[in-house]
Structure formats: structure tokens, C-alpha cells
Amino acid sequence: MSTIVEQFSAVVWNVINRPSIVDLIDILLLTMIIYEMLLHMRHTRISQTIKGVVILLLATWASDMIGMRTIHALLSWVINAGPVLLIVLFQPEIRRILEELGTNAILDSGMRKQPMSNTDLMIDEMVLALGNMSRRRVGALIVVENKTRLTDVIATGTPVDGKISQPLLENIFEPNTPLHDGAVVVRGERIMSAACLLHLSDTTGVGRDLGTRHRAGLGMSEVSDATVFIVSEETGIISMARGGQLTRHLDEESLKKILHELYDKEEKEPVRLPLNVPRLHLKQRRRDAHDEPQTDKKE
């Protein structure tokens, strides 16, 4: 390890002492790569592990300085095996970072999604479905695919390949039906699959009042750039998971802004959501006479 550090120090010293144009370009590219990696790692478990790696390096250096040979040998072995262990432990996060770097590349500009027809109507249908399920307290989990393809997740469910509509979404999540237990994956303006299986989040900061559905949504947002909408079966609260973060108590306006941000390519300004927005109240479509009126209960 000391040899590697000495060689790296010598290279850095040569670059700083006698810089050339190639060295400056090299430094600039390295800075850009490190910045992009930190930018994509900030909402993943890797960012939480960096602190532990720094502490481990400091402990290895301190044990070498003090002369604790046994501890130093053990820590050196852990550091030497560290890259392989990190790749195994953080394979989903590393894949996500590489996919995001690929989708941000210039070569990917020719592979953008084609604009969809009648986006406003589709968004209204989804918002209406979320509102109806929130009012009736029907649990729902909707994953909206972004740039990262979720083909492996889609394969775990039942193929649907139907256009997004309020009746279809509500029928899928209707209790005691074959497809209600699991997640729906949306690609563009179509529902690709239902009853999909998602990996649960390992985040320890999730509140005890949040169940498996919220953990599954967070887990999906941690390993992809998808946006996940969750309707709580117990409270009817609508939440959104994105980038490993959970935003709760979404209302109609917030839902529409989020969906327009996802589907309208000309949207420039990102959506900034408050942490606590009043509970969703939607103007319901004309229902049959036997349908119960909307009520508002305190959480």
C-alpha cells in the first residue's frame, strides 16, 4: 500500500511541478469525473459508506505510525480486498451510476423518447386515479420509468401493455383482485406490467409508520432514476419516492407538477415540493348516485 501511495504522490508532484497542456487536460477531466460520480452518489448508500472508508484509511495510517503491526496487517488486508467487496455490495448503485452517466452522454441525444400524444389527458387520468384511491384508502404503488430501463422489474410482473387510464389503474389495485398486490410499471403513456416485485429499501431512517409498500418504493428509487407514487392503505396519504428520498402529503397541484416535469421535455425549472403539503383533495368525476361523498379525516 505504501508503494502505491508513494507512486501516486510522485505522479502528482510531477504534474504540479512541471505541468503541460496534457496534464492540465488530464486534471480537468479527472475533476469532471469525480464531480459527476459524487453528484450521482449523493443519494445512494455509497455516499454513506465513504465516511467509513475514510475512517478505515485513517485507522490504517495511524496503526502504521504507532507500530501496531497486527491491526495494521488486518486493516491493510481489508483495504486490499475493499474494491471487490464494494463492487459486490453496491452492484445496484454502481449500475445506476453508470446508467445515469450513459444517459447524460452526448451520444445518447439521438435516443430520446418520442413526444407522446395528449399528455395532459394522460396526466389527468393518473392524478384522478391516485385521488380516487387516496379517498377510498386503496393501497397503490406506481413506478414511472425515466431514462433507466426497468425491463428486469417488468419481467417479474404480469404483462399489461395498456394505455394509462383512471379505470384501468383503479381496477388493477382493487383489493382482492389478482394484480392488486405489487407494483405497476409505467413506460411513457402505457402500463407495461402489474404485480411487479420490488426490492425493499435498506434505509434505517424510514419511520415505523411506513410499511412494506413505502419501503419498496424507496428501494426502487434508490437503484434507478424512476419516480414512484405510493398510496397508503392505512391513511390514504399519497407519497412520492425519488432519488432515495420520500415526499409525503402530495396534493393535486403537486402531482400534476411532478408528472409534467416527467413528461414535458420543455419543462426547464425543477419542481421544489414542500415537505408537508395538505392532503390531496380532488374534484371527483361524476359518480353514480350510490357512490359515497368525499370525507376528510384527520391523520
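The values are calculated or read from the model by the stated rules, or taken from the named source; none is laboratory data. In this text the structure is predicted, and so the values were computed from the model without any measurement. Positions of Cβ are backbone-derived with ideal geometry, glycine not excepted, and every protein chain shown enters the neighbour counts. Areas reflect the complete protein model, heavy atoms only, side chains present, ligands, DNA and RNA absent. Shrake-Rupley method; radii C 1.70, N 1.55, O 1.52, S 1.80 Å.
In table form, for the structure just shown:
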quantity: Single residue of region 219-237 satisfying the filter (part of a helix (DSSP H, G or I) and open to solvent by 10 Å² or more (accessible area, probe 1.4 Å)) that is modelled with the highest pLDDT; calculated: 220
quantity: Residues of region 128-151 that turn out to be part of a loop (DSSP other than H, G, I, E, B) and without any contact (Cβ under 8 Å) to a residue 60 or more places away in the chain, as a count; calculated: 1
quantity: Yes/no for residue 260 being at pLDDT 90 or above, farther than 20 Å from residue 133 by Cβ and open to solvent by less than 50 Å² (accessible area, probe 1.4 Å); calculated: yes
quantity: Residues (open to solvent by 40 Å² or more (accessible area, probe 1.4 Å), assigned to a helix (DSSP H, G or I) and either touching a Cys at 6+ places or on another chain (Cβ under 9 Å) or touching a residue at least 12 places away in the same chain (Cβ under 8 Å) (or both)) located in region 168-182; calculated: 168
quantity: Region 171-206, residues that are of a type in the set (Val, Ile, Thr) and more than 15 Å from residue 220 (Cα to Cα); calculated: 172, 177, 191, 204
quantity: Residue ID - modelled with the highest pLDDT, chosen from residues in region 32-52 that are open to solvent by 60 Å² or more (accessible area, probe 1.4 Å) and hydrophobic (A, V, I, L, M, F, W, C); calculated: 32
quantity: Whichever residue in region 238-255 is surrounded by fewer than 19 Cβ atoms within 10 Å (Cβ to Cβ) and polar (S, T, N, Q) and, among such residues, is modelled with the lowest pLDDT; calculated: 245
quantity: Close pairs (8 angstrom Cβ cut-off, 6 or more residues apart or separate chains): under 30 Å from residue 202 (Cβ atoms) and in contact (Cβ under 8 Å) with a residue 60 or more places away in the chain in region 49-77, of a type in the set (A, V, I, L, M, F, W, C) and open to solvent by 90 Å² or more (accessible area, probe 1.4 Å) anywhere; calculated: 76/1
